[in-house]
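Please read the structure below before turning to the comments.
The values are calculated or read from the model by the stated rules, or taken from the named source; none is laboratory data. Fair warning: this is a prediction, and the values are worked out from it, not measured in the lab. Ideal geometry is used to build each Cβ from the backbone, glycine not excepted, and the neighbour counts take in all protein chains shown.
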Amino acid sequence: MWRKGLALLLVLGAALAAAPAQAATAVDRAVAYLERAQSRDGGFGGAPGSASAPTTTAWAAYALAAAGRDAGSLRRPGGATLADAVVASIPGVRTTGDVERTVMALRTVGRDVPADLERELLERRAADGSFEGQTTLTSFGVFALRAAGHGPRDPLVAGSAAFVAAQQNDDGGFSFARRGGRSGIDDTAAAIEALVAAGRGPRSGVVRRAVRFLEARQRPDGGFPLMPGGTSNAQSTAWAVQALTAAGRDVRRLHRRGARSPLAYLRSLQAADGSIRYSRTSVQTPVWVTAPAVCALLGVPLPILP
Amino acid sequence: MKLQPARLLAGSLLTLAFAAPAADAAPVTVNLRVEGATRTLYQGPVTFDAMSAVSLPPNGGPHPCNVRDNTGNASDPVAPAPFGAIVTAAQSTGQSLTAPWSTFGSIGDFYVSEFGGDAENGGAGQYWGFAVNYAEAQVGPCQIPLSGGETVLFAYDYFNQNELLTLSGPTVMNVGEYAQFAVRNGRSNVGVTGATVAGSTTQDGLASVSFSGVGIYDLQATKPGALRSNVVRVCVHNGNDGNCGFPNDGGATTEPATPPAPPADTPVAPIAPVPSVTPASDTTPPTSEIEGIKPGKVYPRKRAPRELSGSVSDAGGVRRVELRLKRRHERACWSYDGRRERFEQLRCRRDAEWFAIDAGAAWSYLLPERLPAGRYVLDVRAVDTAGNAGQADRVRFRVA
């Protein structure tokens, strides 16, 4: 697992090898923070000591796997493993988002996807390739299909990617729902990562337009906001970095109008305990925020495949 | 991630059970606007408190809406939250409200799926969303503490709106006179071009409007792809006789005439009357305080301040908190630039530039890195929701 994780990093994260020492230090500290935040049930809550939640647990798994850890085996002394926690979340799966996230998390921690869960995923995919007719749910659907073993050229993956591509707004961005809604950074980033995961490379017109949308939204502080014009935050910045990396951009060189790079923005939000703060003024859900920031600092986009 | 389809329940199924608010919470008054699918469903001030037990369809409850119990973070304050405003509005007007309860680990919150009969339409991607002071909400509507005076907006199909329109202008006009109405995007406070107000189209955020007859007009700005604005009620008369809202018929009677039916050029239908709470006039400015940095203290470089924090108190609510930070080192000076998050050179005789931060009564600001060597002057000031600007608090310190 560790070797596979390392190999993945070498393939997906060329930036890692060239990353400055300070980035490695920032990642090490953030990963150590995540490891300390694990609960005895194997899962992760939004903040250390809070009850485990499937979403945070999944994101922690992505981050730890991206960092080359054997995420599935991670446990506190005497506690359950992270893989145990992901498996334990299966009975609580209700929504399409639950299904997609759980499939992704299972593969990240090295567990097989149960046949009924994969069937559930496929049943939620509509004839037009969408999941519930929504862009971001469909982007995550692509991630889940890839995690479930479908290749980038698989008709199911390609069909869902085609639905995502058709939802691109005129400004190049994507909204979480459908074409016509206001373009957001997180949703555009997820769409880019889904399109790349479906084999559409950086030369794809849809991807290029979406990349231009993202790059033009970098704030003077180097970060990205949830919605254009808003205040920068770490999670949206992490989404943007992962997407731009997936699209082959070197985010270390992204300095719109003299701003610091988005990676430097993320590092500038690192607190003394290693966590990445949500923004200059907010410390909300530090475990959840730190996890995607780790993926971004390592240059590893979604989906995290074993 | 997925929002469950709302189960629209006929009639007013709203049942509320308020337990006594916690000792450290206090009622607040905010300006609430609820924009439905085709019209404004509520506009006006509402006063409410932190709620410890709210029961709503479809999940029943009761569940809390008081920030602390919703974030699951014991260090968060018990405070009124945006969802309390729409609950109070529904209760006072008898309009239906459906709000499923969802949990995420220690976090539990409501989300609005229906108000006044306008139920979300998942198939069309039309969901209810909300904003506080037109800022995109990052968390659920029971997790944002309100201190009073905020503008709380709940809107149907919120996530597909390119702009959130706001309208301002005169509330009294004479027949035949032109007046300018300003339409801005609440998110950016920038004037909007292409919006329609009373049949006029805005250019650079302004529209000239005139009325040919007396009456009471409810104006609202609209634009395709944007959320309609608040309503501005305008009294149009033939000479200001001091009876705003009732046209002067030119006669001798002092009895207010019944407002005539608006003439044919009436642009919008009036909104339903809503309960209104008129806040007392607030002329007391907020007080600001910097915490954690001792005046005159000399910090070694490795222990130089990085997180700035403090508090602001005001009876009516805080609108804006601003900081400025000046550094002096070896005869050179710098001002901290809050947009670029770095120090910019400054003439030493000048003051540093103020910058606003996202903050309420308690604020904290994490600097990108520990401060380098130098002498520093940190100021904080606040403006309350009534527009009163408070005195700045200042601390001087040094990093050796």
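Observations
- Scope the stretch A:76-94; condition touching an Asp or Glu at 6+ places or on another chain (Cβ under 9 Å), within 14 Å of another protein chain (Cβ to nearest Cβ) and assigned to a loop (DSSP other than H, G, I, E, B); matching residues: A:S89, A:V93
Let's see how each residue does on (1) touching a helix residue (DSSP H, G or I) at 6+ places or on another chain (Cβ under 7 Å); (2) at pLDDT 95 or above; (3) under 29 Å from A:R260 (Cβ atoms):
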residue: B:V274; (1), (2), (3): yes, no, no
residue: B:G316; (1), (2), (3): no, no, no
residue: B:V321; (1), (2), (3): no, no, yes
residue: B:E330; (1), (2), (3): no, no, yes
residue: B:V377; (1), (2), (3): no, yes, yes
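- Some residue of the stretch A:284-295 being farther than 30 Å from A:L145 by Cα, more than 9 Å from chain B (Cβ to nearest Cβ) and part of a loop (DSSP other than H, G, I, E, B): no
- Filter result for the condition that a residue is part of a helix (DSSP H, G or I), of a type in the set (G, A, S) and either touching a residue at least 12 places away in the same chain (Cβ under 8 Å) or buried (at least 24 other Cβ atoms within 10 Å of the Cβ) (or both), over A:G129, A:G110, A:G97: A:G97
- Members of the stretch B:104-156 found to be among the acidic types (D, E) and within 12 Å of chain A (Cβ to nearest Cβ), listed by number: B:E120, B:E136
- Filtered residues of the stretch A:236-250 (kept if part of a helix (DSSP H, G or I) and either at pLDDT 95 or above or at the interface with chain B (Cβ under 9 Å from one of its Cβ atoms) (or both)): A:T237, A:A238, A:W239, A:A240, A:V241, A:Q242, A:A243, A:L244, A:T245, A:A246
- When we screen A:R146, A:R182 for residues that are outside any helix (DSSP H, G or I) and buried (at least 22 other Cβ atoms within 10 Å of the Cβ), the only hit is A:R182.
- Counting the residues of the stretch B:309-348 that are surrounded by fewer than 22 Cβ atoms within 10 Å (Cβ to Cβ), within 14 Å of chain A (Cβ to nearest Cβ) and among the acidic types (D, E) gives 3.
- Residue under evaluation A:A272, criteria (1) of a type in the set (A, V, I, L, M, F, W, C); (2) within 14 Å of chain B (Cβ to nearest Cβ); (3) crowded, with 24+ Cβ neighbours inside 10 Å, criterion not met: (3)
- Pick from the stretch A:219-234, criterion out of contact with any strand residue (DSSP E or B) (no Cβ under 7 Å at 6 or more places or on another chain) and farther than 20 Å from A:T290 by Cα, ranking: farthest from the other protein chains (Cβ to nearest Cβ): A:P228
- Considering the conditions (1) at pLDDT 90 or above; (2) away from chain A (no Cβ under 12 Å); (3) buried (at least 22 other Cβ atoms within 10 Å of the Cβ), B:Y217 is excluded by exactly one of them, (1).
So that you can scan it fast, the table gives a plain yes or no per residue for (1) touching a strand residue (DSSP E or B) at 6+ places or on another chain (Cβ under 9 Å); (2) in contact (Cβ under 8 Å) with a residue 40 or more places away in the chain; (3) surrounded by fewer than 22 Cβ atoms within 10 Å (Cβ to Cβ):
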residue	(1), (2), (3)
B:P57	yes, yes, yes
B:G61	yes, yes, yes
B:G72	yes, no, yes
B:D76	yes, yes, yes
B:G122	yes, yes, yes
B:P141	yes, yes, no
B:E150	yes, yes, no
